[in-house]
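Please read the structure below before turning to the comments.
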Amino acid sequence: MDLVGRVVVVTGAARGIGAALACRFAAEGAAGVVVSDLDLEAAEEVAAGIVAQGGGAVAVRADVSSKDDLKGLVLAAKEHFGTVDLFCSNAGVAYGTGVHASGDQWARSWEINVLQHVYAAQLVVPAMARRGDGYLLITASAAGLLGAPGDAPYSVSKHAVVGLAEWLALTYRPKGIKVSALCPLGVRTALLEPAVLAGHPAALAIAAQAPMIEPAEVAEAAVQGIRNEDFLILPHESVRERYARKAQDPGQWIDEMIAEGH
């Protein structure tokens with residue numbers, strides 16, 4: 001997809017990967033960007049920065065676990081810019097807990113890391129299918145391909161969302177809707193960096209697999225992936241090789257991960 005003249009919605013866009021995506025989409029010539037986050041003040045700063053650069057943007061507060069809030073984003077896009085061409089469901093949550101995580105942590109991981117993307121698809125796919133054009137960019141994680149040792153809710157939910165993205169691609173690509181799963185490894189964001197500095201085992205395991213990159217590098221990979229209409233967008237190229245090795249012999253790959261101390 002060429003982003004010039006397109007209308008984009010980005011969730012979790014107040015900072016980190018989401019903010020980088022919103023700004024980069026605008027720089028690529030998007031007609032309008034809906035910058036969404038729970039932190040409205042920070043989202044407004046991102047939107048204002050886009051407008052200052054000559055782009056079109058509006059900030060909208062939304063809790064991505066609420067289908068009604070996501071519907072509000074779609075309505076805002078239509079009201080301000082006319083339609084939704086690209087919906088980037090990007091918000092995510094991680095707790096760094098194991099299988100004995102609290103029920104609230106499991107539930108919140110499922111609501112944000114999985115159901116957000118389900119709701120987004122339910123809201124925008126019908127109109128996209130009618131016109132035979134549209135794009136879903138789902139921010140998953142390399143954890144959805146390789147696991148996240150030390151964080152069971154994150155690993156499980158990210159595997160689920162990669163599966164959802166695959167199902168959406170299989171079902172709706174024939175109708176003109178493209179789907180990509182964005183799967184970075186370690187990124188210098190407020191979600192990961194503090195945990196690395198604190199020495200959290202899950203964060204250290206992610207950081208050990210490849211050098212951490214900047215959100216802008218993820219946004220660059222996303223733009224290139226959208227342009228090429230790639231299903232898997234892998235900002236860390238090493239993930240491709242590791243994922244292929246895992247697929248070849250999952251049991252041996254598990255043994256290798258354990259041997260590496262993961």
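The values are calculated or read from the model by the stated rules, or taken from the named source; none is laboratory data. Quick caveat: nothing in here was measured; it's all calculated off a predicted structure. Positions of Cβ are backbone-derived with ideal geometry, glycine not excepted, and every protein chain shown enters the neighbour counts.
Among residues belonging to the range 74-109 that are of a type in the set (Val, Ile, Thr) and touching a strand residue (DSSP E or B) at 6+ places or on another chain (Cβ under 9 Å), point out the one that is surrounded by the most Cβ atoms within 10 Å (Cβ to Cβ). Talk me through it step by step, then tell me what you get.
Filtering the range 74-109 for residues of a type in the set (Val, Ile, Thr) gives 74, 83-84, 93, 97, 99.
Of the ones still in play, those that are also touching a strand residue (DSSP E or B) at 6+ places or on another chain (Cβ under 9 Å) are 74, 83-84.
Working: 74: 18, 83: 17, 84: 25.
That would be 84.
Of all residues in the range 28-51, those that are surrounded by fewer than 18 Cβ atoms within 10 Å (Cβ to Cβ) have Cβ atoms under 8 Å from Cβ atoms of residues that are in a helix (DSSP H, G or I) and not aromatic (Phe, Trp, Tyr), 6 or more apart or on another chain, in 28/223; 49/23.
Here residue 22 meets the list (1) surrounded by fewer than 24 Cβ atoms within 10 Å (Cβ to Cβ); (2) among the small types (Gly, Ala, Ser); (3) at pLDDT 95 or above almost entirely, failing just condition (1). If you filter the range 126-140 down to residues that are touching a Leu at 6+ places or on another chain (Cβ under 8 Å) and free of Cβ contacts under 8 Å to residues at least 60 places away in the same chain, you find that the one that is surrounded by the most Cβ atoms within 10 Å (Cβ to Cβ) is 140. From the list 182, 170, the one residue that fits, being surrounded by 22 or more Cβ atoms within 10 Å (Cβ to Cβ), out of contact with any Phe, Trp or Tyr (no Cβ under 7 Å at 6 or more places or on another chain) and at pLDDT 95 or above, is 182. Across the range 92-124, the number of residues qualifying as in contact with a Leu (Cβ under 8 Å, 6 or more places away or on another chain) and at pLDDT 95 or above comes to 9.
A count restricted to the range 1-27 and to residues that are in a loop (DSSP other than H, G, I, E, B), of a type outside the set (A, V, I, L, M), within 18 Å of residue 84 (Cβ to Cβ) and touching a residue at least 60 places away in the same chain (Cβ under 8 Å) stands at 4.
Per-residue answers, yes or no, for (1) closer than 25 Å to residue 8 by Cα; (2) in contact with a Ser or Thr (Cβ under 7 Å, 6 or more places away or on another chain); (3) among the β-branched types (Val, Ile, Thr):
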site	(1), (2), (3)
69	yes, no, no
85	yes, no, no
96	no, no, no
103	no, no, no
127	yes, no, no
171	yes, no, yes
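Considering the range 1-13 alone, what residues qualify as being surrounded by 24 or more Cβ atoms within 10 Å (Cβ to Cβ) and either over 12 Å from residue 58 (Cα atoms) or not hydrophobic (A, V, I, L, M, F, W, C) (or both)?
Restricting attention to the range 1-13, the residues satisfying the condition of being surrounded by 24 or more Cβ atoms within 10 Å (Cβ to Cβ) are 8-13.
Once the filter is applied, which keeps residues that are surrounded by 24 or more Cβ atoms within 10 Å (Cβ to Cβ) and either over 12 Å from residue 58 (Cα atoms) or not hydrophobic (A, V, I, L, M, F, W, C) (or both), the range 1-13 yields 11, 12.
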